[in-house]
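Taking it in order: structure first as structure tokens, then the write-up.
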Amino acid sequence: MRLTVPAIAAAFVMTGWVGAHAAEVAPGDVQIEDMAVEASLTGTPGNPEEGAKTFANRSLGNCLACHAVEALAKEQFHGNVAPPLDGVADRWSQAELRAIVVDAKKVFSDESMMPGFYSLDVGKNVREDLVGKTILTAQQVEDVVAFLTTLKE
Amino acid sequence: MKRYSLMAGAAFCLAVTGMAIWTAAADPVDETLEIDGVPMTTRAPAPEGHPFDEVLSGWLFREAETRATQEDTFENPGMIAVEEGAEIWNTVEGSAGKSCASCHDDAAVSMKDVGAHYPKWDADSGKPLNVELRIDKCRVENMGAEAYKFDQPEQKALTAFIKHQSLGTPVELDLSEGDMQTWWDRGKETYYTRTGQLNMACATCHEGAMGHYIRADHLSQGQVNGFPTYRFNTGGLVSLHNRFRGCIRDTRAEFPAAFSDELMALEVYVTWRGTGLSVETPAVRQ
């Protein structure tokens, strides 16, 4: 097949993406130490704007189901099952926030209600099409963490 | 059984950071429910071995408008199905040429308070039957009719009609019959087993986070004394096993078949958790 210019350009983009993907830490390999995950899961800096979208999206993070955040006051119906996240970046470091998003049950307690967003340590009878899949991708976790680090008071 | 704490994480967070006051819970309302002037028990002392001190009807967790709709049977849209159920009661079906009324006469007499004590042990089947399965057994064995399909409108209507004959009667199961205790044990295990990608059990929301809001939804104790329940968001009656399956599905798990042993055990256990609450069928929920 003859490579056209757009195809070559696409190949470069793909390579870049594959490169980032190769550096991605698999869910089972994430090291939570001292309630923190120091290293980025992807090596690509998180995007806080994308993180805010993932945070609010009901089929992705759906974080507002349980946490209220003034920064997203335009979104309806913030839950109160869990603490509000205003000023959360003053209370936790980036590495701690990453650990909490990855698997809060490993940071706090097995009884935490918070799902592990980048963990395969999940409940029984997972829906067939979701077996082996995490709630968020590694980059989505990085984006959410980037958004959380903007929440200072 | 250890009670699920609200969130060990949240408590830890508060302790570590001394974070400003976080009042998460919203109390259920301090109101009394009367339906057509008849008082309902919406708060009852919990039976021994229950994680709560007091069992609370889901009615106490709903918005004022929803609560008011249930107070008047003329306003309650679920009563349309109950009336349909009354018609089915008197309709001949099946090869034996019988209706429910052929044997049971006036349901107001023969079915009075019956639904408050279901699921009930059935020695013949060797398992507990709920009202839906009891209806099916009667249809197949006595009427020569077919069992209803799950959630067929007639099934929901007739179940609601029969349970409505117990309106106001406190829920009470006889766990000493047959193997009811074994089914209760099994249901309890299911209640506390986390499922799905979201890794949540019934207890996660309805015990640990009861009284809090998930988005706009005020989490109740998940009591079942009002089923089949009229729900505004779907505009019709919702059966208990439909609700069970919906909740499990929302944890992103595969969900058991309606009336499977697993869900029958769960029904036994969850019904027991509402011991002492009045039957409110058809309750009105959002």
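The values are calculated or read from the model by the stated rules, or taken from the named source; none is laboratory data. Only a predicted model underlies this, so the values are computations on that prediction, with no experimental measurement involved. Here the Cβ is made from the backbone with ideal geometry for all residues, glycine too, and neighbour counts use every protein chain on show.
Exactly one residue out of A:Phe108, A:Phe117, A:Phe147 is modelled with pLDDT of 95 or more, farther than 28 Å from B:Cys202 by Cβ and of a type in the set (Phe, Trp, Tyr), and it is A:Phe147.
Being away from chain A (no Cβ under 14 Å) and of a type in the set (Lys, Arg) is true of B:Arg186. Residue pairs whose Cβ atoms lie under 8 Å apart, sitting 6 or more positions apart in sequence or on different chains, and linking a residue in the range B:231-246 that is not assigned by TED's automatic domain parsing to the domain that holds B:Ala157 and surrounded by fewer than 15 Cβ atoms within 10 Å (Cβ to Cβ) to a partner that is at pLDDT 95 or above and assigned to a loop (DSSP other than H, G, I, E, B), are B:Gly235/B:Pro77. Please verify whether A:Thr54 is modelled with pLDDT of 95 or more and surrounded by fewer than 21 Cβ atoms within 10 Å (Cβ to Cβ), treating the condition exactly as stated. Here the answer is no, as A:Thr54 does not meet what is asked. The condition of being over 15 Å from the mean Cα position of the chain (by Cα) and either on the phi > 0 side of the Ramachandran plot or without any contact (Cβ under 8 Å) to a residue 24 or more places away in the chain (or both) holds for only one of B:Asp136, B:Asp174, that being B:Asp136. Close Cβ contacts (under 6 Å, 6 or more residues apart or on different chains) running from residues in the range A:43-67 that are assigned to a loop (DSSP other than H, G, I, E, B) to residues that are not hydrophobic (A, V, I, L, M, F, W, C) comprise A:Gly46/A:Glu142; A:Gly46/A:Asp143; A:Asn47/A:Asp143; A:Leu60/A:Thr54; A:Gly61/A:Thr54; A:Cys66/A:Gly79. Looking only at the range B:193-207, residues that are in contact with a Phe, Trp or Tyr (Cβ under 8 Å, 6 or more places away or on another chain) and closer than 18 Å to B:Glu267 by Cβ come to 4 in all. Return yes or no: is B:Thr182 surrounded by 20 or more Cβ atoms within 10 Å (Cβ to Cβ), outside any loop (DSSP other than H, G, I, E, B) and among the hydroxyl-bearing types (Ser, Thr, Tyr)? For B:Thr182, the condition - surrounded by 20 or more Cβ atoms within 10 Å (Cβ to Cβ), outside any loop (DSSP other than H, G, I, E, B) and among the hydroxyl-bearing types (Ser, Thr, Tyr) - is not met.
Would you check if A:Ile100 is crowded, with 18+ Cβ neighbours inside 10 Å and part of a loop (DSSP other than H, G, I, E, B)? Criteria not met by A:Ile100. The number of residues in the range B:115-124 being within 19 Å of B:Glu154 (Cα to Cα) and either free of Cβ contacts under 8 Å to residues at least 60 places away in the same chain or in the same structural domain as B:Asp179 (by TED's automatic domain parsing) (or both) comes to 0. For B:Thr195, indicate whether it is free of Cβ contacts under 8 Å to residues at least 40 places away in the same chain and among the hydroxyl-bearing types (Ser, Thr, Tyr). The answer is no for B:Thr195.
Scanning the range B:264-286 for residues that are within 22 Å of B:Lys137 (Cβ to Cβ) and either part of a strand (DSSP E or B) or within 13 Å of chain A (Cβ to nearest Cβ) (or both) yields one hit, B:Val279.
Table: residues versus (1) touching a helix residue (DSSP H, G or I) at 6+ places or on another chain (Cβ under 8 Å); (2) closer than 20 Å to B:Lys112 by Cβ.
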{"position": "B:Phe161", "(1), (2)": "yes, yes"}
{"position": "B:Gln165", "(1), (2)": "yes, yes"}
{"position": "B:Thr169", "(1), (2)": "yes, yes"}
{"position": "B:Leu173", "(1), (2)": "yes, yes"}
{"position": "B:Thr182", "(1), (2)": "no, no"}
{"position": "B:Thr193", "(1), (2)": "no, no"}
{"position": "B:Gly196", "(1), (2)": "yes, no"}
{"position": "B:Cys202", "(1), (2)": "yes, no"}
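Screening the range B:202-214 for residues that are free of Cβ contacts under 8 Å to residues at least 60 places away in the same chain and under 24 Å from A:Leu130 (Cα atoms) and picking the one that is surrounded by the most Cβ atoms within 10 Å (Cβ to Cβ) gives B:Cys205. Consider the range A:100-153 and keep the residues that are more than 15 Å from B:Met200 (Cα to Cα) and among the basic types (Lys, Arg). The one that is nearest to the other protein chains (Cβ to nearest Cβ) is A:Lys133. Within the range B:160-174, how many residues turn out to be surrounded by fewer than 24 Cβ atoms within 10 Å (Cβ to Cβ) and either in contact with a strand residue (DSSP E or B) (Cβ under 6 Å, 6 or more places away or on another chain) or not in a loop (DSSP other than H, G, I, E, B) (or both)? Residues meeting the conditions: 5.
Does the range A:84-91 contain at least one residue that is free of Cβ contacts under 8 Å to residues at least 12 places away in the same chain, within 11 Å of another protein chain (Cβ to nearest Cβ) and not in a helix (DSSP H, G or I)? No, the range A:84-91 contains no residue that is free of Cβ contacts under 8 Å to residues at least 12 places away in the same chain, within 11 Å of another protein chain (Cβ to nearest Cβ) and not in a helix (DSSP H, G or I). The residues of the range B:216-241 that are outside any strand (DSSP E or B) and closer than 17 Å to B:Lys163 by Cα, listed by number, are B:Gln223, B:Val224, B:Asn225, B:Gly226, B:Phe227, B:Pro228, B:Ser239, B:Leu240, B:His241. Residues of the range B:247-286 that are surrounded by fewer than 24 Cβ atoms within 10 Å (Cβ to Cβ) and among the polar types (S, T, N, Q): B:Ser260, B:Thr275, B:Gln286.
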